[in-house]
Every structure is written in C-alpha cells, then in structure tokens.
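Let me begin by presenting the structure, written as structure tokens, before commenting on it.
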Amino acid sequence: METQYKDFISYLERSIKDNWDLDALSDYQGSTLQYKDVARKIEKLHILFEEAGIRPGDKIALCGRNCAHWSTAFLATLAYGAVVVPILHEFTPKQVHDIVNHCDARLLFVGDQVWPTLDAGQMPHLEGIISNLDYSVLVTRSEKLTEARERLNALFGQKYPKYFRKEHVKYQAAPDGEQLAVINYTSGTTSNSKGVMIPFRALWSNLMFAYEALEQNVPRGSKIISMLPMAHTYGMSFEFIFEIMQGCHIYYLTRVPSPKVIFKAFAEIKPDIVISVPLIVEKIIKKSVLPKLQTVSMKLLLKLPVVNQRIRERIRTKLVEAFGGRFYEVIIGGAAFNSEIELFLHKMGFNFTVGYGATECAPIITYADWHIHRPGSCGRNVGRMELRIDSPDPINVPGEILTRGMNVMLGYYKNPEATAAAIDKDGWYHTGDLGVMDADGFLYIRGRSKNMLLGASGQNIYPEEIEDKLCTLPYVAECLVIRSNEKLYGLVYPDYEEAEKAGLDANALRAAMEQNRRDLNTMVANYEQLAGIQLMEHEFEKTPKRSIKRFLYENTPIEA
C-alpha cells in the first residue's frame, strides 16, 4: 500500500471504484449495501447537504446503533468536507443534547432507538434531524432542507440523467492533514466527556498502521463482524474505516453483543479478523470454555506431560471454532484484560494480541502481532508514534505513559485549559495511564494515575491489579477496589446465576465472598489487603467500551 500520499479521502474514492460490485455493509440478518450502493447514497447525501446550505467545515452529528446507514452518513460527511461528530447511543438524552449543542452541529442523524428519547427543543440550533433508518427528515427548521429532501430523487436524476457510474465518484481532497475531520466525545471512566478534535492526519496514520499490520492477512473481500460502537475511535478505525478502504464486507450486529448472539454470528459469517474489548472475550471464555476445564479429570490431564499437548490442541480448536474458525487473530483493546484469561489463552497457543490506545490518538498507540505478543503487555509503539515512560527507571518503576506523533489529536473542542493539561509544550500527550516498558520496548499497563492510591507508608497501590486477582475468584462477575477510612474494600457484583446453580443463598454467598477476601489477601502485599467485601445488587455502570465508570463508586458508603 502506498504510504507517501497522505490524503485520507482518496483511499475512500479508490476503494469504492475498485470494489464497485462487492458487498460492503450488511445489517446482520437484514439488508446489504454493495460499494456502488454506498456511493449512490453518499452522492444523494452530498446533494442534500449542498441544497440545504451545509458548507465544508460545518458540524454534522451522528447518534444511533451501528448500522449500514450510520456508516454511509459518516463517510458522506467526511467526503463532503464537513466535520462528523459521532455520539455514543448509550449516552443519556441530556448528554446527547449537551454534545449536539456544544459541538455547534447543524444536522443530526439519529437512530430509531435513540430518537424517541430525545427532545428537539433542547437542541435549538439544529437545522434538521434526519432518520438513520431511511434518511427521512424527522425535524426541520430550514426551508432549504425541507425542499431538498422532497426533491432529492429528482435532483439526483437531473444530475445523472442516464445512470450513476463509478466515474462519477469524485470527492473533495482534504487540503492538509491538520484539517479537522472528527470531534469524538470521550466516554471516560473518570470524568465528564470532552470533545476530542481528530484531524485527517490522525485518521490517515491509523489507516496506515492497519495496512502495515493487517493488509496481508485481511485481503479484499474479507468479512468482519462489527461489535464495538463506531462512535468510539476503536470501533471506528479498526472495525470500519480500515475495512471499507480495504474492500471488506462489514456485518453490523445492530443489537447488544451477548455471547449467544456473537456465537451465532461467528458461526455463520466466519470473520477473517476479530476486533474486541476484553469483556466480550472474557464472557465467551468463562461461559463456554473454562467450565469444561474445571473438572477434576481435566485438571489432572492438563498436568500430564504426554496428554498435555493433545488436550491443549483440542481446547485451542474449540476456542478457534468459537470465534468462527477462520480469523487471522483476535485483537483485544479498550480496557484491561484479565491476566488469568490472558495467560490461559497464551498457554493454549491461541492467536490473540492486546493493543493500547486512546481516543486522543484516534486511537492506536501500541500493538504487536500475535506471533510476538508478550503476556501482560500491550505491544510496542506503532509507526509514526513515539512512546516514553515518565519515570527515573521505566523498566522497573511505573510512570505516566507519554506519546507523541501523527495520531495525536489537535486538542479538546472549546477547551484550551484541558488541551494544555493533556499536551505539553513539546507535543507529548499525557495519557493519565501508568506503565513500565521492557528493554525491547513492550509496554505494560499498571493502571490509571488518577486511580493510584497511596498506602500508609507511602506505597503505591494500583487498584486495577488487586481487581484483576479478585475477578478470578469464585462467583465474582465484576469488581472495584475503593478506599474508605484509610482501608481498602472490594465492591463486588456477584455472578448470581452461578451462585444459584451452586445452591448458595444470600448468607452462603456472603460467606463465599469472605473466603474470597481471605484467599485474595494471601496473594497481595500487606498494604494491598482488603478489609471487607461489599456485594452490589446491580451491575456497575459502564462506558460503551465496557469499562466501569469508577468515579461513580469511589464514595460508596461501606456497611458496618
């Protein structure tokens, strides 16, 4: 793939022309758009934008579940030269209203699940709200928009009186890489959203990374299942943008990716690569694989040197089948990966790897192919990005992870103070994450700097490392470690289904958790030991990346 030509939009134009008759976007168990259909819809939206008076540089917001029409509106906005503002559909109505207002959007494309919850009156500056279902106008405050939508087919016919051909596909080139392409509002676990300004150079550089890492193993015509929200940069860059530029066929689940739904989709579609967050992989492993290994006979067999390899190969085959059987690798990112599950997959020789990124880098910072992945690490810095640990001894003493390069954002929209706090005068982006780096440049995350607790004698306590161990113990579905009255406590949302299967009532479950606490305290340092475990009735509230919103629980009152 040529890398010297840096106009991101040219790759879209070329892909549409080269893959004209191939399948492009499918709503799983629904309709499919070929590349020529995507091109036609983009052209119609461009006519709509132009007739409605939308100018390059104007903001167009998108809010809804992943679907083919969401993707097409995203591409149409970028190719028109407007700024796309993807909004996570899991955000509350107030958050959506606030983001639409804050980003100065002129139009909002909205999904059918989100639209009934919104109030157009709370977004007074919008000129129109358009349905992702069929691009019909739901709300209009512009005569130009109303007329343009009513006459759209006629206007398209006038422009292309015979028929629309690939020769007609010609998009505006970005004048330079610094031009703003996307404003992506973070779904942070520690604070309110900020509008990350992503320039075309960052989209281009992430695309180049994907070509460099995956092009040979994810060729034209490959299939992929989109499970991550495309309104987040991880899903946007690596389940959508790379694949559409590469001529792949993307399937959108269009529903919550439960293990049952995912298993069915994997079996039918057999994707060529799997992009996932840890929670999805952990659920699949815990529910479908680990229970079969917990028997006494299986534990004994795994310890035998002769049978060991044969058993491992059988387990690996089952794992590969669970993910469709045809993929090159499973790439895991977006949140911390459970160390026990990771070690298990590594021992089985499973083809997976773990990457690291941030919305502010659109998102990739580090990666390593599965053949060289090291357990516990997130790979090495990718091309066009520098990486360093702000520590006197980066190999042994955790420090803040700093990065700079082409992937780094322009800053936060309308927030110069936050921008100055995040990007220093030398261009280093301060991630807020803590880590160490080995002699070969492999990065190991230790936690968030904001989450680090100081022990009574000045020890650094990383709650994520304690949580990682606690999550491996019986009946623990999710957990957080917090500090209250100078003591550490575990907040645990139990696996109530497993507890019920085991015949545990409420008292027995509390006793099991107390045993977990004692067992955990033998695995950690004295200053990391838990004084108690408190059970939660409901799942923790999470970001769309499935990370727990830690800041909501830091002041949870501990029962006596």
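The values are calculated or read from the model by the stated rules, or taken from the named source; none is laboratory data. If you're wondering where the values come from, they're calculated on a predicted model, not measured in any experiment. In this analysis, Cβ positions are derived from the backbone assuming ideal geometry, glycine residues included, and neighbour counts consider all displayed protein chains. Note: areas computed on protein heavy atoms with side chains; ligands, DNA, RNA excluded. Shrake-Rupley method; radii C 1.70, N 1.55, O 1.52, S 1.80 Å.
Points worth noting:
- Residue, farthest from VAL38 (Cα to Cα), within region 127-150, restricted to residues that are among the aliphatic types (A, V, I, L, M) and under 28 Å from the mean Cα position of the chain (by Cα): ILE129
- Top-ranked residue of region 136-173 - restricted to ones that are in a loop (DSSP other than H, G, I, E, B) and touching a Ser or Thr at 6+ places or on another chain (Cβ under 9 Å), ranked as most open to solvent (accessible area, probe 1.4 Å): ALA173
- Residue match in region 541-556 (condition: farther than 30 Å from PHE91 by Cα, in a loop (DSSP other than H, G, I, E, B) and without any contact (Cβ under 8 Å) to a residue 60 or more places away in the chain): no
- Residues that are open to solvent by 30 Å² or more (accessible area, probe 1.4 Å) and part of a strand (DSSP E or B) do occur in region 477-485.
- Count of region 107-133 residues which are among the charged types (D, E, K, R) and either touching a helix residue (DSSP H, G or I) at 6+ places or on another chain (Cβ under 7 Å) or over 14 Å from HIS69 (Cβ atoms) (or both): 2
- Residue list for region 360-400, restricted to those being out of contact with any Phe, Trp or Tyr (no Cβ under 8 Å at 6 or more places or on another chain) and β-branched (Val, Ile, Thr): ILE372, ILE389, ILE395, VAL397
- Test: residue in region 180-198 that is buried (at least 20 other Cβ atoms within 10 Å of the Cβ) and within 30 Å of ASP21 (Cα to Cα): yes
Conditions tested, residue by residue: (1) loosely packed, with under 15 Cβ neighbours inside 10 Å; (2) touching a strand residue (DSSP E or B) at 6+ places or on another chain (Cβ under 8 Å); (3) more than 30 Å from ALA421 (Cβ to Cβ).
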| residue | (1), (2), (3) |
| --- | --- |
| TYR444 | no, yes, no |
| GLU467 | no, yes, no |
| LEU473 | no, no, yes |
| ASP495 | no, yes, yes |
| ALA506 | yes, no, yes |
| ASP519 | yes, no, yes |
| GLU541 | yes, yes, no |
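- Counting the residues of region 50-97 that are more than 17 Å from ALA120 (Cβ to Cβ), outside any helix (DSSP H, G or I), open to solvent by less than 10 Å² (accessible area, probe 1.4 Å) and free of Cβ contacts under 8 Å to residues at least 60 places away in the same chain gives 2.
- Selection within region 442-465 - assigned to a strand (DSSP E or B) and either closer than 22 Å to SER377 by Cα or β-branched (Val, Ile, Thr) (or both): LEU443, TYR444, ILE445, ARG446, GLY447, ARG448, ASN460, ILE461
- Selection status of ASN308, open to solvent by less than 40 Å² (accessible area, probe 1.4 Å), at pLDDT below 95 and within 18 Å of the chain's Cα centre (by Cα): no
- Verdict on GLN534 being part of a strand (DSSP E or B), over 21 Å from VAL277 (Cα atoms) and more than 27 Å from the chain's Cα centre (by Cα): yes
- Filter result (open to solvent by less than 10 Å² (accessible area, probe 1.4 Å) and not in a loop (DSSP other than H, G, I, E, B)) within region 100-112: VAL100, ALA105, LEU107, LEU108, PHE109, VAL110
- Residues in region 113-127 that are touching a strand residue (DSSP E or B) at 6+ places or on another chain (Cβ under 9 Å) and either β-branched (Val, Ile, Thr) or surrounded by 14 or more Cβ atoms within 10 Å (Cβ to Cβ) (or both) were compared, and the one that is nearest to VAL256 (Cα to Cα) is VAL114.
- Candidate set from region 409-441 (those that are part of a strand (DSSP E or B) and among the small types (Gly, Ala, Ser)); member that is farthest from SER484 (Cα to Cα): GLY411
- Members of region 17-42 found to be open to solvent by less than 50 Å² (accessible area, probe 1.4 Å) and either in a helix (DSSP H, G or I) or acidic (Asp, Glu) (or both), listed by number: ASP27, TYR35, ASP37, VAL38, ALA39, ILE42
- Taken residue by residue, region 326-341 has at least one member that is at pLDDT 90 or above and basic (Lys, Arg).
- So GLY177, is it under 25 Å from LYS542 (Cα atoms), small (Gly, Ala, Ser) and either open to solvent by less than 30 Å² (accessible area, probe 1.4 Å) or touching a residue at least 24 places away in the same chain (Cβ under 8 Å) (or both): no
- Filter result for VAL408 (at pLDDT 95 or above, more than 23 Å from SER226 (Cα to Cα), β-branched (Val, Ile, Thr) and within 18 Å of the chain's Cα centre (by Cα)): yes
- Filter result (in contact with a strand residue (DSSP E or B) (Cβ under 7 Å, 6 or more places away or on another chain), assigned to a helix (DSSP H, G or I) and among the charged types (D, E, K, R)) within region 216-275: GLU239, GLU243
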